[in-house]
Protein chains: 2
Amino acid sequence: MLCELISVGDELLIGQVVNTNSSWMAAELNMIGIGVHRITAIADTKDHVKQALDDAFRQVDIVIMTGGLGPTKDDITKTALAEYFEVELVLHEPTLQHIEIFFHKRGRMLTALNRKQAEIPSNCEPLFNPNGTAPGMWFEKDGKILVSLPGVPFEMKALMTHYILPRLASMRDGDVIIHKTVLTQGVGESFLADIIAPWEDALPPHIRLAYLPQPGIVRLRLSATGNNRLLLQEQLQEQVDELLRIIPELVFGFDNDTLESVVGQMLRSGGVTLGTAESCTGGYLAHLITSIPGSSDYFKGSIIAYSNELKTDLLGVSSQLLETHGAVSKEVAQQMAVGARNLLGCDYALATSGIAGPAGGTPEKPVGTVWIALATPTGTTSQVFQLGDKRDRNIRRSALSALNMLRVALKT
Amino acid sequence: MLCELISVGDELLIGQVVNTNSSWMAAELNMIGIGVHRITAIADTKDHVKQALDDAFRQVDIVIMTGGLGPTKDDITKTALAEYFEVELVLHEPTLQHIEIFFHKRGRMLTALNRKQAEIPSNCEPLFNPNGTAPGMWFEKDGKILVSLPGVPFEMKALMTHYILPRLASMRDGDVIIHKTVLTQGVGESFLADIIAPWEDALPPHIRLAYLPQPGIVRLRLSATGNNRLLLQEQLQEQVDELLRIIPELVFGFDNDTLESVVGQMLRSGGVTLGTAESCTGGYLAHLITSIPGSSDYFKGSIIAYSNELKTDLLGVSSQLLETHGAVSKEVAQQMAVGARNLLGCDYALATSGIAGPAGGTPEKPVGTVWIALATPTGTTSQVFQLGDKRDRNIRRSALSALNMLRVALKT
């Protein structure tokens, strides 16, 4: 079963509002095995609404439309639908009573405009909206289904959750689609594609792979289609297990995990603490860690040693080492990590020292050169990274690389 | 001139990614007087791309398409466009050289997949993409324009800003629209609207005002329409000057300024240095400051004292004060700021201590209570803020409030 989502409203077309309704609905529909063929945002005029319905029903059997059901002049969806189906608007008594109670509870007077919200096209089945005054509407004609919902997110979500999704799920024949997203850190999209090419090429035809890159992270989304949900889940898990055998050090989590939440979980369950000493990441690594609620249970703190004096005075980096190797070096990064571990009194300490850019590079150490060190109860390790020339991306990739180094160390 | 925006990618149709590209583009296009007729998201198959183009060009003269230009198998936009225009894909030498340099700089080997990114439909004009490996593409045929851009937001935005928007603007006839954005920090949208209501009501009809709120910041965008650019600029400047007389302490900059860049400029030109002591902001304040290139000239570093021991051991906060007033208090925030100023050897030090949430609040100090202190060469001041219950927003608003406290202090 295929569906199109149509959002009605000028606020979308002038970029004032981001269309979060459609992505929420798309995710929910996919979960019950209804594919979304297209997502459309259109202006709130009757002609656009009718044209969009014609276009959509040429391709799909289900259309879910949101928006344009309010009481003001720019809310034209209802009259457009009445014209589209060539029916009249009629007063729906239960809806009028609901609106009267709704206003009475809030101590407000009903206007003529509010009363008009109880009028619906005569061929629709009204869907009770407990959170607002505009009812949802369900239309069926010639084997096609049209659902019209208010655009206010929490009103729409309640109607979807309690009426639309269960009803559509019960009508569905056969196939479901299920997804599993594998999250990787460490190599870019095309390198990852090279490494996992044999695995990707051997995927069965009913399992599709998509690469979703972000700075420092590549998400791999597997989608399986078939008529047996449990079997599909098993098959997806087999593919994920196989992938984990190929790139164990790159995979840090699944679906909605973040690297900082995964590492936080590991620290918490291991009963160990963390601190950081940051130069080039300038506090961003500590920020990622402390963005997780409850991180104070395992995160002690950080020394942002942007100046060389602070590296020596606070972290105990030898000024001779700074002189001979420079701040961006294996030696200094390692001493920073060890110094932070001692000063902050934590079990693990991560240190970053690099040239975030855009200026400050040399032929030997170009912009994007970053040393990351990890001090642990059993020793200190370090790694050098050669990133790009964009400051913000270098900072983010450095912090993610540091977290992944810690993740790999905590796992073993 | 009317335009349709088409986003290509299954990730949109399964609801994994929210379509923020389209709303950004819609807002930008509106500002240069190009209306968006429809926004569409479609699957990444060649048939969907070709069908969507047919549908769109029946209604509009300009289509801007994003996504599907990556190096992997699910990236089909380029071959779909070649088929749509009935042309071949040809190797574009300058793009290949750019890709080679791009990889060389990062010390990586070029794969066959990467090389294929330099192939473009023979009838297109390639648009140099400095931030990635996939070029933008400009097509013209029978008076219609098609632009294809990478879906990665910062690559798309750079191409739009530097090529597409100026080129489309130059093709538009008649009136010009010019904009000036005034950036404010300190009060929310509705409070700000109350304060500036008399000024707003007196704006001439050809100057429009839009409120663009973000967490901690409200941008006021003034748009003037007319046929004399110089006159419009003068008129906008008069309105801005008037606004500065009304809310001088709230306005921190204009257009693309950021609070961290404005404060950085002030520190640099004053020849003074800064450090921070952070509890609830967890490094985010230092991150904002160090996101500015060259910030090492005026930023010394930071102590992220997440635990109470570090507040006493490193920053010299009295344990008795911590005991009697709690970490989230005026007294502790002030001692943190003074301690950081001494320890880091800087002229100014900002300190934050608060309850970021979602847990940890008490009836006396609910979630969102944040103390911010500023130690200067002449004394220490502090302020308490009552923010909301969202952790990420509380962290951001705390850091911005701290920067604005410093800005006001540096100005006087």
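The values are calculated or read from the model by the stated rules, or taken from the named source; none is laboratory data. Just so it is clear, the model here is predicted, and its values are computed rather than measured. Note: ideal-geometry Cβ built from the backbone for every residue, glycine included; neighbour counts use all protein chains shown.
Quick rundown of the values:
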{"read-out": "Search result, residues across region A:23-33 that are touching a residue at least 24 places away in the same chain (Cβ under 8 Å) and crowded, with 24+ Cβ neighbours inside 10 Å", "value": "A:Met25, A:Leu29"}
{"read-out": "Residue check, A:Glu260 in contact with a Ser or Thr (Cβ under 7 Å, 6 or more places away or on another chain) and either in a helix (DSSP H, G or I) or within 20 Å of B:Gln16 (Cβ to Cβ) (or both)", "value": "yes"}
{"read-out": "Some residue of region A:385-396 being away from chain B (no Cβ under 11 Å) and among the basic types (Lys, Arg)", "value": "no"}
{"read-out": "Hey, A:Thr40 away from chain B (no Cβ under 14 Å) and either out of contact with any Lys or Arg (no Cβ under 6 Å at 6 or more places or on another chain) or free of Cβ contacts under 8 Å to residues at least 60 places away in the same chain (or both) or not", "value": "no"}
{"read-out": "Segments classed as helices (runs of 4 or more DSSP H), wholly inside region A:172-247, with at least 3 members that are over 26 Å from A:Thr258 (Cβ atoms) and not assigned by TED's automatic domain parsing to the domain that holds A:Ala26", "value": "A:197-201, A:229-246"}
{"read-out": "Residue that is farthest from A:Gly216 (Cα to Cα), among those in region A:286-308 that are more than 7 Å from chain B (Cβ to nearest Cβ) and touching a strand residue (DSSP E or B) at 6+ places or on another chain (Cβ under 8 Å)", "value": "A:Tyr298"}
{"read-out": "Top-ranked residue of region A:1-22 - restricted to ones that are of a type in the set (Gly, Ala, Ser) and surrounded by fewer than 24 Cβ atoms within 10 Å (Cβ to Cβ), ranked as modelled with the highest pLDDT", "value": "A:Gly9"}
{"read-out": "Count - residues of region B:104-139 that are in contact with a Lys or Arg (Cβ under 7 Å, 6 or more places away or on another chain) and within 10 Å of chain A (Cβ to nearest Cβ)", "value": "0"}
{"read-out": "Residue within region B:295-307 that is farther than 23 Å from B:Ala356 by Cα and part of a loop (DSSP other than H, G, I, E, B) present", "value": "yes"}
{"read-out": "Evaluation of B:Leu222 against (1) modelled with pLDDT under 85; (2) surrounded by 15 or more Cβ atoms within 10 Å (Cβ to Cβ); (3) within 17 Å of A:Ile14 (Cβ to Cβ) (one fails), failing number", "value": "(1)"}
{"read-out": "Flag for B:Lys157 being under 23 Å from the mean Cα position of the chain (by Cα), touching a residue at least 40 places away in the same chain (Cβ under 8 Å) and closer than 21 Å to A:Arg391 by Cα", "value": "yes"}
{"read-out": "Hits in region B:165-211 - residues which are touching a helix residue (DSSP H, G or I) at 6+ places or on another chain (Cβ under 8 Å) and basic (Lys, Arg)", "value": "B:Lys180"}
{"read-out": "Tally of residues being within 14 Å of chain B (Cβ to nearest Cβ) and either surrounded by fewer than 20 Cβ atoms within 10 Å (Cβ to Cβ) or out of contact with any strand residue (DSSP E or B) (no Cβ under 8 Å at 6 or more places or on another chain) (or both) across region A:153-175", "value": "3"}
{"read-out": "Total residues in region B:90-108, condition part of a helix (DSSP H, G or I) and touching a Pro at 6+ places or on another chain (Cβ under 6 Å)", "value": "1"}
{"read-out": "Test: residue in region B:154-164 that is over 21 Å from A:Ser190 (Cβ atoms), assigned to a loop (DSSP other than H, G, I, E, B) and in the same structural domain as B:Ile32 (by TED's automatic domain parsing)", "value": "no"}
{"read-out": "Test result for B:Val370, of a type outside the set (Lys, Arg), at pLDDT 95 or above, touching a Cys at 6+ places or on another chain (Cβ under 9 Å) and in a loop (DSSP other than H, G, I, E, B)", "value": "no"}
{"read-out": "Any pair with Cβ under 6 angstrom, 6 or more apart, that starts in region A:191-210 at a residue that is closer than 18 Å to B:Pro71 by Cβ and within 13 Å of chain B (Cβ to nearest Cβ) and ends at one that is surrounded by 13 or more Cβ atoms within 10 Å (Cβ to Cβ) and of a type in the set (Lys, Arg)", "value": "A:Ala210/A:Arg221"}
{"read-out": "Yes/no for B:Ile101 being crowded, with 17+ Cβ neighbours inside 10 Å and within 13 Å of another protein chain (Cβ to nearest Cβ)", "value": "no"}
{"read-out": "Within region B:309-338, tally of residues that are closer than 12 Å to B:Ala373 by Cβ, assigned to a helix (DSSP H, G or I) and more than 13 Å from every other protein chain (Cβ to nearest Cβ)", "value": "8"}
{"read-out": "Of the criteria (1) over 27 Å from the mean Cα position of the chain (by Cα); (2) at the interface with chain B (Cβ under 10 Å from one of its Cβ atoms), which one A:Thr95 fails", "value": "(2)"}
{"read-out": "Positions within region B:6-30 being among the hydrophobic types (A, V, I, L, M, F, W, C) and facing another protein chain (nearest Cβ under 9 Å), in sequence order", "value": "B:Leu12, B:Leu13, B:Ile14, B:Val17, B:Val18, B:Trp24, B:Met25, B:Ala26, B:Ala27, B:Leu29"}
